[in-house]
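Below is one structure, written out as structure tokens, with a few remarks after it.
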Amino acid sequence: MNILFLVFLFPLLGFLILAFGRGKIPEKLAAVIGVGSIGLSALVAAIVGAQFLQHPPADGAYVEPLWTWMQVGGFAPQFALRLDGLSLTMMGVITGVGFLIHLFASWYMRRDEGYGRFFSYMNLFVASMLFLVLGDNLLFLYFGWEGVGLCSYLLIGFWYQDPANGAAARKAFIVTRVGDTFMAIGLFLLFQTLGTLNIQEILQLAPQAFHPGSLTVTAIALLLLGGAVGKSAQLPLQTWLPDAMAGPTPVSALIHAATMVTAGVYLIARTHTLFELAPFAQEMVGLVGAVTLLLAGFTALVQTDIKRVLAYSTMSQIGYMFLALGAGAWSAAVFHLMTHAFFKALLFLASGAVILACHHEQDIRKMGGLRKKIPLAFWSFVVGGSALAAVPYLTAGFFSKDEILWQAYAGGHIGLFWAGLLGAFLTSLYTFRLIFTVFFGEAKTDAHAGHGVSYWLPLSVLLVLSTFVGGMIHPPLANVLPANPAEEGGSEQHLVEALSGFVAICGIAIAGWRFFGQPRLLQWLEGTGLAKLLSRYWYSAFGFDWLYDRLFVKPFLWLVRINSKDVFDQIIGCIPVVLVSFNKATALSQSGRLRWYTASVAFGAVLIIAAVVVYQ
Amino acid sequence: MNGVSAIPLEHALILSGILFSLGLLGILLRRNILFVLMSIEVMMNGAALAFVAAGSRWGAADGQIMFILILTLAAAEASVGLALVLQIYRRFNTLDTDAASEMKG
Amino acid sequence: MEIAFYLAAAVAVISTMMSVTNPNPVHALLYLIVSLLAVAMVFFSIGAPFAGILEIIVYAGAIMVLFVFVVMMLNLGRATIEQEKRWLRWQAWIGPSALSLVLLFELVRVLHPIGGDKHMVGYGTIGAREVGMALFGPYLLAVELASMLLLAALVAAFHLGRHED
Amino acid sequence: MNFALNANQWLALAPILIVSATIMWVMVAIAFRRHHWWNATVVAVGLNLALISATYLVLPQLADQLPGFLQAPILKMLDFFGHPPLPQLVTPLLVIDSYAAFYMGLVLAAGLATATLTYAYMEGYKGNQEEVYILLALSALGGLVVVCSRHFAAFFIGLELLSLPLYGMIGYLVKERRSLEASIKYLVLSAVGSAFILFGMALIFAEVGTLDFAQIGHRAASAAAMSPARLVLTVGAGLLLVGVAFKLSLAPFHLWTPDVYEGAPAPVAAYLATASKTAVLALLLRYFVETKAYQYVSLMNVLTVIAILSIVIGNILALLQDNVKRLLAYSSIAHFGYILVAFIATGALATEAVGMYLLTYVVTTLAAFGVVTLVSSPYGDHDADTLWDYRGLFWRRPNLAAILTVALLSLAGIPLTAGFIGKFYVIAAGVDHRLWLLMATVVFGSAVGLFYYLRAMAQLYLRAPWVRKFSAPLDWAQNTGGLMLLALAFLMLLLGVYPTPFIAIVQAAGLAGQ
């Protein structure tokens, strides 16, 4: 297992090679380096994972110390990697799904002028994310966290010639930065109270150091939640995610499936001890998740951009994970994270195929009847969409989502349970609205399918993983996370399963009815003023952008305007003035005259002797 | 020279101190590089005298060894300095140190 | 020999002062040579004849001649003397003499502590033999390094002094 | 008494002997045929051999750092060729211990880097290109003597051998007025500094009757009771400090620095800022430890004031400086102020902190001046030294701009670069000894420093309004210099990310007297 460091070394090397050979590396070679590095990384991850599962370490975690940064006095920070069930799961998802996305991207991005640049960013993205999940120390987690933020900025604004893309990138960066600030403060607070950021030590020290529900631990947990909310695009910092669709589609896949948005879930799962000690904060996690999943679900219903629908669906699925975390169903959350990575990557890659087939058209109203023309994308959408809608027993999504609902129900979180159930209905409704609109009906564009192994292989693999096959993979979390609150099995669970399955089928049926049947009732309903208003409101994602604009941006600009001659600014402005005048004064001493220079030496000598004589 | 004399070490050292200060005066006072170089020789000479006198106090040859080393340095420095003086006279057409002060600030 | 010492000391101080303040380069150099000869006399009087001889041969004889050569080459004549006189106005004296005097005062204060015990020099003679023994004994490396120093001076002077146009 | 050297002493003296031989060889080579590449190569090979021999001296200590499978063959090789046990006293003048070996290595490496840069720089020079290598080797020899001297005679002659060739190197471009001006300024001031050092030495000698550091320490301890004797000793050490502070360009003896750096050819300025200063500081540290000058409270107070002045004045003067060479000069003044802080905070961390700081400083400064050299070199008339010349460098020479960026970040002490490690050591040493005033100064200096380093850095990435004439061609001379710079950049990052082995080396290079 001591080859663990290679897992993130390969992407890092790939990044360095591509970054330094910018513009000189031909497209083919860049693809080989960019995809190959992740492939090797995935291979190493597989080997390490197999070893880990065969010979699990005694205390559940394998720590590989790389080196001590430096040792000065009592200060000896260590670079070390930590592999346990949680980071193994994350590592598998990141490298495995990441590899497939890279492979697809080598097809998707061909003949783009920034080909090498794209893969250098992507490799750095994966490397940062791996650093995030493998670091044995929250400081390194934070380091990777910021790296991920930087890469998302670079990739969302990849086509920087369009100012809108740049704006989207800035928005993502700034909004997540708000969360990062909370998180940084939380880490400071944690370090101040516990004196360490090492994960193992935190897990051991926290129960002794904090009273359950004490103010400090609640504050820390809430601040960490702030960070998680930012990265994972949950309420109230969710507004960046839809705009982040400005990047190339493989980037969206990477952000939504394997990296970035899952970081928040990982953070909370990683520091679960703290949240268990702070019940209020944990309830907040669940609440945030439930509200977000409903808001996002309603919003997705009325979107017309294929990628935006998927973006809101991600938001809502991450909401499920938060809901699970809030309900104390830690492993269920991580399980859903994994299955979601499979089917969401599949959906995004398939949507990429659709978009390319339709000549960069993203509006679903201009698509239709694509079923025959791009069958692979169609089947990907059907399977991925079914998994997203949690079609019972056939799909991976069903197993994980059902577990979340059951745990919420059994754990006594009835409110969360109903929210989840309603969300499940919405999910299947908007998912199949999308599928029917894009792939059925009359053809509106002429589309052509892609080909090549880098096109069909990632889609096929993910397609298989999105079925019940993916649901069979159970992350080895027993030693890492607390057990789920409720037992498996029993008649009640079957009831919940049946209920959620029924709800999902209902959603599909209504979507089908609406699309194929042209029902009067629904047409009438949609024609009413209230519905129009609601749909406008939902379309704008509950007007959060508008709200934030009024709440923060406008007042801030106003404040800046009236305060352009800031008093404090002038006080602070004194410092440079003093420094500059001091500079001018001392610069006079540099007269360039030799005699003056000699005099200064003599003067210094005289002073030194005088000082020695006086002070001896 | 037969060594019956007895001069306080302090007097010899003070003499060297006077020479040293005079050399410093010359360096600070003169603008002509040639005189500056001469004054440096005076300073060196003052320090050398101090060494010889100190060596004499302890009856050790080390003082005179240091004197010889200083002599070497004086010769070396004078030769380089004078070569530089010639070159400067060629480029600046003056030996005024204040004229050769293009760099400042 | 005390008289010789104090006499030589007086000559050295006066001639050095003349040398440092004289506007005429040639005169200044001659004063400097006198000063060096006087210091050589001081060396004799405190029992360091070898140093005295070297002072005369190398310092006064060789190094000063180098200076004289350069003065000759540069042909510093009446104009230079006039210029030096202009530069040596009384205003120019204030700072340098103040600094030098303070330094001198401090050195005297340190070297001549009130009530401190006195050490005498000049009881014995350290002649060429002792110096030679030390020079080629423990100080052998210093001699070798001094040769390197002279080599450095040679190369530097050769390069800096060259005419090249 | 027999002063013939035995085999171990000869071996220990190897770096010095090899450099001396190199000087002879290069003279012969020049006499034989003036050929720039050929003559430069002779010097480079000689310095490399000396570097290897210096490494060989500390190989037993280094072997401990290496993985096990390498240790056995190394030890076998040491057995076979023989290895002098350190410390090795070579005549009363020199001692070769692991401390000396470490600084010899540093001086030689800096000399080697300078030689490489000089080669790139001198390619376009019309006139005699070769003498500079003799002077460089002579100066490096002086540096080697300085770092292993334990005696005033070696101290003095080494120091002069270190600086005298520099007069020639600074004024090497004899047709340039600025070069000559810098040379005469350095010569006169350096001579004044030497005179102060000599007078200080003479006073100490007059008081204790020995020139040997360790014996000075002994006798000074016994003389300490008597006040006048102690006063003379302290004043002697103070005068010594004047000269040394001048060489280290510490305030208020710093005024020469920017003028000389500006006028000197860029690689010479690099040498002046690194090898010369490193050697002198190593000597000062050894002198203070061996003569127990730490015990003089008044002297330490003087050093404290000098450190504060250097940090404040150096940083303030750099604030609005538009000339890169002057900027680096001012920043080097400030950096030696920082080193002095570590120096004042004595104890277990002192040699280690100073060693680490010097190591990081040398690497970083060489890289910064290296970029200046490579940007300037192909044009004889004057160095590219204004910030304006660097505007938009990134768009013309991205690699050079990247290296300069790393160097500036390192000078500013940003984490994960070499400079951070050095600064961390200084702060750790200062906090350990509760030197709050000095700490406040360091923090102030670092804050101001950040401003002007970033200001310089920003210039690299601005779009130049027109294509500048400085867009150097790439030839072999540039490539060797470029390779060296890449190595330095790598070292800067390595030192920042993985400093442990370097720390171990520096720790092994402690002084016995501590």
Order the peptides D:268-274, C:130-136 from the highest to the lowest mean number of other Cβ atoms within 10 Å of their residues.
D:268-274, C:130-136
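Is there a simple number for the mean count of other chain Cβ atoms within 10 Å of the Cβ of residues in D:502-510, and what is it?
Values: counts 1, 4, 1, 0, 0, 1, 0, 0, 0.
Per residue, the average neighbour count from other chains is 1.
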Non-local residues with an amide H under 5 Å from the amide H of residue D:151, with H modelled 1.01 Å from N and Pro and chain starts lacking one, are D:213
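What ranking, highest mean first, results for peptides B:62-70, A:409-417, A:149-157 when packing means the other Cβ atoms within 10 Å averaged over each residue?
Numbers: B:62-70: 26.3, A:409-417: 19.0, A:149-157: 23.2.
So the order, starting with the most tightly packed, is B:62-70, A:149-157, A:409-417.
With r as the distance between the Cβ atoms of residue D:431 and residue D:300 and R0 = 22 Å, compute the FRET efficiency 1/(1 + (r/R0)^6) and round to 0.05. Please list the in-between numbers first.
On the way: r = 18 Å, r/R0 = 0.80.
Approximately 0.80, to the nearest 0.05.
Quick one: pull the percentage of alpha-carbon pairs in segment D:7-508 with a separation above 46 Å. Can you show the working numbers first?
On the way: 9252 of 125751 pairs.
Of all Cα-Cα pairs in segment D:7-508, 7 percent lie more than 46 Å apart.
Just want the ordering: D:230, A:550, D:286, A:111, from fewest to most Cβ atoms lying within 10 Å of their own Cβ. It would help to have the intermediate numbers written out before the result.
On the way: D:230 18, A:550 11, D:286 25, A:111 6.
Listing D:230, A:550, D:286, A:111 from fewest to most nearby Cβ atoms yields A:111, A:550, D:230, D:286.
Expressed as cubic angstrom per residue, what is the convex hull volume of the alpha carbon set of segment A:565-615?
On the way: hull volume 4.2 nm³, N = 51.
It is 82 Å³ per residue.
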For residue A:418, project a label point 7 Å along Cα to C-beta. Then give me every residue of segment A:317-334 with its amide nitrogen under 19 Å of that point.
A:320, A:323-324, A:327
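At a Förster distance of 30 Å, what's the computed FRET efficiency of residue A:160 paired with residue A:550, Cβ-Cβ distance as r, to 0.05? Don't jump to the answer; show the numbers that get you there.
Working: r = 29 Å, r/R0 = 0.96.
The pair residue A:160/residue A:550 has a calculated efficiency of 0.55.
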Amide H contacts under 5 Å for residue A:198, restricted to residues at least 5 apart in sequence or on another chain and with H modeled in the peptide plane, are A:138
What lysines does residue A:366 reach when the alpha-carbon gap must be under 20 Å and sequence neighbours fewer than 8 apart in one chain are set aside?
A:307, A:444
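Looking at chain A, identify the longest residue range that excludes and avoids all GluC sites (Glu not before Pro) in DSSP loops having at most 14 other Cβ atoms within 10 Å.
Values: sites that count: A:113, A:442, A:487, A:488.
Looking at chain A, A:114-441 is the longest stretch - no exposed GluC sites (Glu not before Pro) with at most 14 other Cβ atoms within 10 Å.
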Burial-style ranking of D:416-429, C:24-37, average other-beta-carbon count within 10 Å with highest first, yields D:416-429, C:24-37
Other protein chain Cβ atoms within 10 Å, averaged over every residue that makes up C:54-66
4
Using 7 Å Cα-to-Cβ label points, what is the residue A:457/residue D:7 separation (nm, one decimal)?
6.4
Go through segment C:36-92 and name the trypsin sites (Lys or Arg not before Pro) that are in a DSSP coil and have 14 or fewer other Cβ atoms within 10 Å of their Cβ.
C:89
Got a sec? How would D:126, A:171, A:307 order by Cβ neighbour count within 10 Å, fewest to most?
D:126, A:171, A:307
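Tell me which DSSP H helices of chain C clear both cut-offs, 27 Å or more of axial length from alpha-carbon atoms and a mean Kyte-Doolittle hydropathy of at least 1.0. Mind dumping the intermediate values first?
Working: long enough: C:2-21 (29 Å, 1.66); C:25-45 (30 Å, 2.17); C:90-111 (31 Å, 1.34); C:140-161 (31 Å, 2.11).
Once both thresholds are applied, what remains is C:2-21, C:25-45, C:90-111, C:140-161.
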Could you list which residues have their amide H under 5 Å from that of residue A:81, counting only those 5 or more apart in sequence or on another chain, with H placed in the peptide plane?
A:64, A:66
Using a cut-off of under 19 Å, list every residue of segment A:519-562 whose amide N is near the label point 7 Å from the Cα of residue A:185 along the Cα-to-beta-carbon line.
A:552-553, A:556
Label residue B:91 and residue B:6 with points 7 Å out from Cα along Cα→Cβ: what is the distance between them in nm?
5.7
Between residue C:109 and residue A:539, the two model label points (7 Å from Cα along the beta-carbon direction) sit apart by a distance in nm of 9.1
Note the angle between two axes, namely the Cα long axis of helix A:306-326 and the longest principal axis of the Cα atoms of chain A, as a number of degrees from 0 to 90, rounded to the nearest 10.
80
Relative contact order (percent, whole number), chain A, Cα cutoff 8 Å, 6+ residue spacing:
12
For the Cα atoms of chain A, what angle does the longest principal axis make with the long axis of helix A:5-20, in degrees from 0 to 90, nearest 10?
80
The ³J(HN,Hα) series, computed from each phi in segment A:268-280 with the Karplus coefficients 6.51, -1.76 and 1.60 at θ = phi - 60°, rounded to the nearest Hz and given as x for glycine or proline, is 5, 5, 5, 9, 4, 4, 5, 6, 5, 7, 10, x, 4
Shielding by partners - mean other protein chain Cβ count within 10 Å, residues of C:91-99
5
Kindly express, to the nearest 10 degrees and within the range 0 to 90, the angle between helix A:199-209's C-alpha long axis and the longest C-alpha principal axis of chain A.
90
Could you work out the relative contact order of segment D:351-467, using alpha carbon pairs under 8 angstrom and six or more residues apart, expressed as a whole percent?
35
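Below 8 Å between Cα atoms, with a sequence gap of 6+, how large is the relative contact order for segment D:7-508 in percent? If you can, show how the numbers build up before the last one.
Numbers: 842 pairs, mean separation 75.0, N = 502.
About 15 percent, as a whole number.
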For residue A:143 and residue B:99, FRET efficiency with R0 = 41 Å and r from the beta-carbon atoms, rounded to 0.05?
0.10
At a 10 Å Cβ-Cβ cut-off, how would you order A:256, A:448, D:35, fewest neighbours first?
A:448, D:35, A:256
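Laboratory data are not the source of any read-out in this text; all were calculated from the coordinates shown. Nothing here was measured: the structure is a model prediction, and the numbers come from that model. For neighbour counting, all protein chains shown are included, and Cβ atoms are generated from backbone atoms with ideal geometry for every residue, glycine included.
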